[in-house]
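Asker: Structure below; questions to follow.
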Amino acid sequence: MRHLLDFEHRNQPVAPAAKFASRLRRSGLWAAGIIVAALAIGMAGYMGFEGMGLIDAFVNAAMILSGMGPLAPLVTPGGKIFAGLYAIFSGLLIIGVASLVLAPVFHRILHRFHVEDDRSHR
């Protein structure tokens, strides 16, 4: 994880396109892994608290994780509390994953501005 957000310093030149593509790929893989782990947590919760089967647990967890809301009505108090907490977790996770995926893009854009600014002062 240490190298995930390891970008060049302001005084260094902009990274080549291949390195930038590698950063995007690495961020995308991390994001996919985090989403799969969060989906597994949601599925386990729905299976445990609501007694849903694998497919129903998957679709309900995926719907909450994507911000759409559950499909099946929740019947147990534990399932309702889990769904609420999972929805809060999912909302924050989406912001974090989007930040993770877009960090290399934002860094490259801002870094180009700094490099151009440094060249104009010479």
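Asker: Can you find a residue that is in contact with a helix residue (DSSP H, G or I) (Cβ under 7 Å, 6 or more places away or on another chain), surrounded by fewer than 18 Cβ atoms within 10 Å (Cβ to Cβ) and either in a helix (DSSP H, G or I) or acidic (Asp, Glu) (or both) anywhere in region 65-77?
Answerer: Looking for residues that are in contact with a helix residue (DSSP H, G or I) (Cβ under 7 Å, 6 or more places away or on another chain), surrounded by fewer than 18 Cβ atoms within 10 Å (Cβ to Cβ) and either in a helix (DSSP H, G or I) or acidic (Asp, Glu) (or both), one finds none in region 65-77, hence no.
Residue by residue, here is whether (1) of a type in the set (Asp, Glu); (2) at pLDDT below 90; (3) closer than 30 Å to Pro16 by Cα holds:
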position	(1), (2), (3)
Ala31	no, no, yes
Met43	no, no, no
Glu50	yes, no, no
Leu54	no, no, no
Ile64	no, no, no
Ala72	no, yes, no
Val97	no, no, yes
Leu110	no, yes, yes
Glu116	yes, yes, yes
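The values are calculated or read from the model by the stated rules, or taken from the named source; none is laboratory data. Quick caveat: nothing in here was measured; it's all calculated off a predicted structure. Every residue, glycine as well, gets a Cβ built from its backbone with ideal geometry; the counts of neighbours run over all protein chains shown.
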